[in-house]
Structure formats: structure tokens, C-alpha cells
Amino acid sequence: MLRAIEAFEGHPNTKAALRLLPHVFVRPGELRYAEWVDFDKALWTIPKHKTKMRRAHVIPLSRQALAILETIEHDADYSSYLFPSLRSVDRPMSENTINAALRRMGFAQDEMTGHGFRAMAATLLNEMGLWHPDAIERQLAHCDNNAVRRAYTRGEYWDERVRMMQHWSDHLDFLRDGAKVIKGDFQKAKAGE
């Protein structure tokens, strides 16, 4: 799939969004409404009003994610959105853009969705055994459902998340550039997500 994304011949902004999504594994709506990032600090802050959990979410950006963002052919003067609509720079890309692009590349809905990049990342990062599960959950912007645990577990695991996100992007490069191709079921989780 990563190879198919690199070969994608659609609109350049759609390709940039497709390339970025595996590296940051945010919710597709958060990607659609993405505004400009802090390149100097390598951070993308999603304001709380744009997140599902209504909590601001800060994403450390890997070298690869920054390089992808640098390919975007417009700037904030053109549109406040990283991925504006083709019809109006005052609106974000359509909610169907990512999934439609995946379908055009030959990935059926039961194989991959825009939201599926989250499941893919969570699965593989946990299987690596290198990262604290809470660091992965914080990177996914998940809150603990247990109120007592949430009250006592307030750490954001920031340093670990920065290392994890760079490691993840390096791993994606490895997969794209030479790993054995396998099939997976990474569509949107049915419940709990």
C-alpha cells in the first residue's frame, strides 16, 4: 500500500495527505481540517475543538512527515488548510477524498480506510514491544475510560512519543522500500474507536 501511495497519480494535495496519514495516524477528520504546523519545533497541534476527545493533541513530526509537508504546493496565505478543497480554499478537502483515493488505487473498503492507518499503527507499534502501551494510546489521542486510572495517569510520554514517531516513520520507509508484502485487515474499528 505504501508503494501504491508513492505511485498515486491524483491531485498533489491528495497524494501529500495520503503520504502523511500513515506517518501521523490521526483521525481522517483531523487530517482534513489540518492547519499549518510548527516546522521549527517539528510539531503539529490539533486544537481541542477539532478533536474527537475535545482535548488539544500535539503530534511530534518525524523527518519524513516534515519532508512530506514541505511538498505541499501552497502556503498559509493561499489557504489556512494544509489540504483545502479543490472547490474552495476556505474549506478543507472532502471527507471522501482519502477513501476514494484508496479505492482508485485498488484497496477495497474491507482492506483499508483512512481510519485504518490508526489501527495499523496501533497494532504494529504494540507488536514491536518497544513502546509503553500508554505512549501509543496518548499518540492515538485516546483517553483512559477508567476514571480512577485517568485521574492518576496523566503523563503524556512526550519524549518516548517523539522517539516512537521517528522510529515509526523509519519503519514505514523500510516497509515501503523492501519489506515482504502481506495482506491485512485495517478498516475502521467497529467499536470503541
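When the trypsin sites (Lys or Arg not before Pro) in the range 61-110 are filtered for DSSP coil states and for at most 12 other beta-carbon atoms within 10 Å of their beta-carbon, the remaining sites are Arg87.
Pairs of Lys residues in the chain, spaced 8 or more positions apart or belonging to different chains, with C-alpha separations under 27 angstrom: 17 in total.
Only helical runs count toward this figure. For the chain, summing -39,500 (n - 2.57) over DSSP H runs of n ≥ 4 and dividing by all residues gives -13000 deg cm²/dmol at 222 nm. Sparse packing (at most 12 other Cβ atoms within 10 Å of the Cβ) combined with a DSSP loop state is found for the following GluC sites (Glu not before Pro) in the range 12-84: Glu70, Glu73. Here the calculated FRET efficiency for Arg104 and Glu156, from their Cβ-Cβ distance with R0 = 30 Å, stands at 0.20, rounded to the nearest 0.05.
Springs between Cα atoms under 10 Å define the GNM used for the chain, and in it the highest mean-square fluctuation of Leu82, Leu140, Leu130 occurs at Leu130. Mean-square fluctuations from a GNM of the chain, with a 10 angstrom spring cutoff on Cα atoms, peak among Gly106, Gly114, Gly29 at Gly106. Once backbone amide H atoms are built at 1.01 Å from N, Glu35 has Leu82 as its partners under 5 Å, excluding neighbours fewer than 5 places away on the same chain. Structure remark: mean-square fluctuation, Gaussian network model of the chain, C-alpha springs under 10 Å; the largest value among Trp44, Trp131, Trp36 belongs to Trp131. Measuring nothing but how far apart in sequence close Cα pairs (under 8 Å, 6+ apart) lie, relative to its length, the chain scores a relative contact order of 26 percent. Evaluated with a Cβ-only charge set (Lys, Arg +1; Asp, Glu -1), the range 2-178 carries a dipole of roughly 640 debye about its Cα centre, given to the nearest 20.
In this structure the amide hydrogen of Leu43, modeled in the peptide plane, comes within under 5 Å of the amide hydrogens of Asp38, Leu61, none closer than 5 places in sequence on its chain.
Every read-out reported here was derived from the displayed coordinates using simple, explicitly stated rules and does not represent laboratory data. Worth saying up front: this structure is predicted, and the values here are computed from it rather than measured. Heads up, the Cβs are rebuilt from the backbone with ideal geometry, glycines too, and the neighbour counts pull from every protein chain shown.
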